[in-house]
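Notes for the one structure printed next.
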Amino acid sequence: MTNLTSCNTTDPFNVTSTEDTSPLKVATTVAMTTCLIAIMLGVGACIQLKELWAHLRRPYGILIGAASQFIVLPLTAFGLGHALQLPPKQAIGMLIMSCCPGGSTSNMFTLWIDGDVPLSLSMTTVNTVLSTGFLPLNLLIYCRSWTDKKAVIPYVSLAQGIALMLIPAVVGIAVRHWKPKVAMYMIKIGSIAGALSVVVIITLTSLLYPYMYNSSWKIYFAVAILPLISFGLGYISAFIARLPHFKCRTIALETGIQNFPFCMTLLTLTFSKSEMGELSLYPLLFGVFIITESVLVTAVYKAGVIIYRRMSKPDGFTSVQQKDETC
């Protein structure tokens, strides 16, 4: 995240910086890093090497997800920015957010909706690597509508993000291979950490950046609608490619959920502190809304599973994921 923690009471966009070592800042960093490691250990514990290798050997789902992430989503954000006639800085914040790769959040929610966890982890890793090329390309194509400034890509943050995701995941995969019983406990701990991270992200982001709630209705509308559009486009793209439904759900989440701390780092490196207040409105609200909407999508899915089970005969019931795999 950035070092923006307070705002001028007369101008919500005139944001001043505070020390990176402030107690709340340190608490946020420690809490999120701890949750991330626990989540990725649990995600890795769900994965078998043969499943992971199958996706890398035949990367149809990965390619569809990458196309949705780096072609469809930025174009959608660009069109939405012009349709709503957002101020240039707010539109740039939305566009940069849409061009960022996914993170561990999509892996966590994929686990919760019975998606393809190996595919989710593969897509997150591959898309993060691909973003080193596609992110500056998309910004070059679309940002010229609002600014001539070239974005500074935080490659160090990208590398750190990959390491923080992959190292715990690899450990989890190894535990799944050698100690399957221990892996089951890791999955439960990862799920608990994921639930805690939902509360932590929303609470600490609201405390660190309260000025974001002073946004206009246009920003609120864009933040609310773009993730839903992204979920739909990702699902439809995978469905058209005739992938099973549990893989469609996975690609939908991977398309719609972006890494907003990475976006904030990019904005901090590219723009001045005086510009950051307005530029960061969309990414910050996105961090709150994407969690909230993903929780709602998960709740709807779980409710659907319960209804399906009650309507099905006990001897004829097949789990949703098993049914999808036979499609």
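Measure nothing but the geometry: give the 0 to 90° angle between the long axis through the Cα atoms of 23-45 and the longest principal axis through the Cα atoms of the chain, rounded to 10°.
20
One-quarter of the Cα convex hull surface for the range 169-311, in nm²?
Computing the convex hull of the Cα atoms and averaging its projections yields 12.1 nm².
Based on the alpha carbons, how large is the Rg to Rh ratio for the range 28-71 when Rh follows Kirkwood?
1.15
Could you tell me how many degrees, from 0 to 90 and to the nearest 10, lie between the Cα long axis of helix 117-142 and the main elongation axis, the longest principal axis, of the Cα atoms of the chain?
Tilt relative to the chain: about 30 degrees.
For the range 227-232, just list the computed ³J(HN,Hα) in residue order, Karplus coefficients 6.51, -1.76 and 1.60, θ = phi - 60°, integers in Hz, with x standing in for Gly and Pro.
Couplings: x, 5, 4, 5, 4, x Hz.
If you build the Cα gyration tensor of the range 56-190 and take the root of 5 times each eigenvalue, what three semi-axes come out, in whole angstrom, biggest first?
Taking √(5λ) for each eigenvalue gives 34, 15, 13 Å, largest first.
Give the Rg (one decimal place) followed by the Dmax (whole number) of the range 228-299, computed from C-alpha coordinates and expressed in Å.
Rg then Dmax for the range 228-299, in Å: 15.2, 48.
Quick check on my link table: of K150/K273; K181/K302; K25/K149, which ones sit more than 23 Å apart, alpha carbon to alpha carbon?
K181/K302; K25/K149
Please compute the Kirkwood hydrodynamic radius over the chain, one decimal place, Å, based on all pairs of different Cα atoms.
One over the average 1/r among Cα pairs gives 20.2 Å for the chain.
Rounding to the nearest 10 and keeping the result within 0 to 90°, find how far the Cα-based axis of helix 260-270 lies from the longest principal axis of the chain.
The angle comes out at about 30 degrees.
We did not get these values from a lab; they are worked out from the coordinates using the rules stated. Since this is a predicted model, take the numbers as computed values, not measurements.
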